[in-house]
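Coordinate-derived values only; no laboratory data. Note that this is a predicted model, so its numbers are computed, not measured. When we count neighbours, we look across all protein chains shown, and the Cβ atoms used for this are built from the backbone with ideal geometry, even at glycine.
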């Protein structure tokens with residue numbers, strides 16, 4: 001067990017014997033904030049889904065495009081990133097504040113290593129905060145002092161659920177979570193949602209079973225596209241609709257595409273009327 005001084009003055013433990021979704025993703029993106037158990041987990045996933053690393057890279061590029069579009073074209077200056085993962089280059093605050101230095105960003109993750117690294121990187125950025133919380137706990141998040149300090153709920157907000165809802169089991173009602181957050185946001189706000197989907201039942205079961213066992217229950221499941229569509233019910237979906245995310249407003253026609261379809265990241269962006 002490793003320790004880090006993350007979390008309001010109390011040392012938080014990092015269990016290096018259990019894979020972390022945030023650290024697996026960090027490794028897939030070429031990061032260094034991961035352990036052998038995370039690297040082994042990714043290798044096992046790739047046995048079933050060889051496209052996993054390119055998929056992770058395309059997911060990060062989707063996040064970057066969405067933030068740029070919302071900040072530049074729709075004037076959004078407030079972002080709440082649910083299940084943000086470890087900081088990487090060109091993260092939400094860097095893109096949004098590159099367009100407007102006054103843009104405000106709150107990152108939320110329950111992995112203590114995310115809090116430790118995030119606070120170290122952002123300690124001099126007063127318009128950005130990292131809080132350690134379970135992103136299912138909407139009441140705690142919206143009552144957190146940093147959220148209250150940075151997020152003005154009289155102005156539009158972008159709530160990001162980028163590649164995280166597959167971590168939520170059906171019993172916790174991911175669609176209900178999205179609605180609870182949306183209910184807190186004013187008209188003109190945006191929801192950004194995508195998750196892992198596959199139409200291959202055997203693949204869905206293999207990866208879901210492996211991740212559930214490996215993370216000791218900190219996982220939901222790989223879903224199907226029609227299930228993700230339910231997250232968006234009642235909202236105005238922006239063009240080009242709900243899609244495999246490498247095709248969502250690519251920067252150029254030559255931009256990287258998802259080349260295989262054993263599983264994909266599926267979703268899009270919607271506006272609250």
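The share of Cα pairs per 10 Å bin across region 14-63, counted from zero up to the longest distance, runs 28, 55, 16, 0 percent. Compactness check for region 150-273: Cα Rg over 2.2 N^0.38 Å is 1.12. Binning the C-alpha pair distances of region 1-157 at 5 Å intervals from 0 yields a P(r) profile of 2, 9, 17, 20, 20, 16, 10, 6, 2, 0 %, listed from the shortest bin outward. Reported value for region 90-183: 110 Å³ per residue, from the convex hull of its C-alpha atoms. What distance in nm lies between label points placed 7 Å from Cα along the C-beta direction at residue 17 and residue 90? Label at residue 17, label at residue 90, 4.0 nm between them.
The equivalent ellipsoid of region 154-196 has semi-axes of 21, 12, 5 Å, largest first, where each one is the square root of 5 times an eigenvalue of the Cα gyration tensor. For the peptides 163-171, 103-111, residues were scored by their other Cβ atoms within 10 Å and the scores averaged per peptide; the highest-first order is 103-111, 163-171.
Distance distribution note for region 35-109: the fraction of Cα pairs above 17 angstrom is 53%. An ellipsoid equivalent to region 176-245, defined through the eigenvalues of its Cα gyration tensor, has semi-axes of 27, 16, 8 Å when rounded to whole angstrom and sorted largest first. Pairs of Cα atoms nearer than 8 Å and 6+ residues apart set the relative contact order; for region 118-240 it is 24 percent.
Between residue 183 and residue 100, the distance separating the two model label sites (each 7 Å from Cα on the Cα→Cβ line) works out to 2.8 nm. Once the chain from residue 218 to residue 239 is taken as fully extended at 0.36 nm per residue, the excess over their C-alpha distance is 4.3 nm. Annotation: peptides 44-52, 77-85, ranked by per-residue average of other Cβ atoms within 10 Å with the highest first, follow the order 77-85, 44-52. In this structure, residue 205 and residue 252 have a Cβ-Cβ separation that, at R0 = 51 Å, corresponds to a calculated FRET efficiency of about 0.85.
Calculation over all alpha carbon pairs of the chain in 5 angstrom steps from 0 returns a P(r) of 1, 6, 13, 18, 20, 19, 13, 7, 2, 0 percent.
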